[in-house]
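*Asks:* Just passing along the structure, written as structure tokens.
Readers should treat all values here as calculations from the given coordinates under stated rules, not as data from a laboratory. Quick caveat, the model's predicted, so the values are computed rather than measured. When we count neighbours, we look across all protein chains shown, and the Cβ atoms used for this are built from the backbone with ideal geometry, even at glycine.
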Amino acid sequence: MEASAEFRALWYDQKAGALTRAFKVFVHPEAGRIELTYESFDVRAAPGQELLVGSAEPGGRSAQALAYLASMAAPRH
């Protein structure tokens, strides 16, 4: 903040909004490419914090990759 008057003005202006939707790509060594769309939700019990929830397109390749990873983590009986 000390180094940039422009940054300081933007910081105090606080017009930036919360992230409502984002897209992220992961490449897992076994499951391959996983594309997730994230949505954010305010946490009412913790002001200033957000919960990010990533989801894959139902029935798509990324959903299959997530199911594969979940099966690998599931306890085996």
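*Asks:* What's the FRET efficiency of Leu52 with Ala5 using the Cβ-Cβ distance as r and R₀ = 35 Å, to the nearest 0.05?
*Replies:* Working: r = 32 Å, r/R0 = 0.93.
Efficiency, rounded to the nearest 0.05: 0.60.
*Asks:* For the chain, count the residues as N, evaluate 2.2 N^0.38 Å, and divide the Cα radius of gyration by that value, please.
*Replies:* Details: Rg = 18.6 Å, N = 77, 2.2 N^0.38 = 11.5 Å.
Relative to the rule-of-thumb radius for its length, the chain sits at 1.63.
*Asks:* A follow-up question, please. So if each residue of separation counts as 0.36 nm, and I subtract the Cα-Cα distance between Ser71 and Val43, what length gain in nm does that give?
*Replies:* Numbers: separation 28, 0.36 × 28 = 10.08 nm, distance 2.98 nm.
Fully extending the segment from Ser71 to Val43 adds 7.1 nm.
*Asks:* Once both axes come from the Cα atoms, what is the angle between helix 61-73 and the longest principal axis of the chain, in degrees from 0 to 90, rounded to 10?
*Replies:* That works out to roughly 70 degrees.
*Asks:* Also, I was wondering about something else. Below 8 Å, C-alpha to C-alpha, sequence gap of six or more: please give me the relative contact order for the chain in percent.
*Replies:* Numbers: 82 pairs, mean separation 16.0, N = 77.
Dividing the mean separation by the residue count of the chain yields 21 percent.
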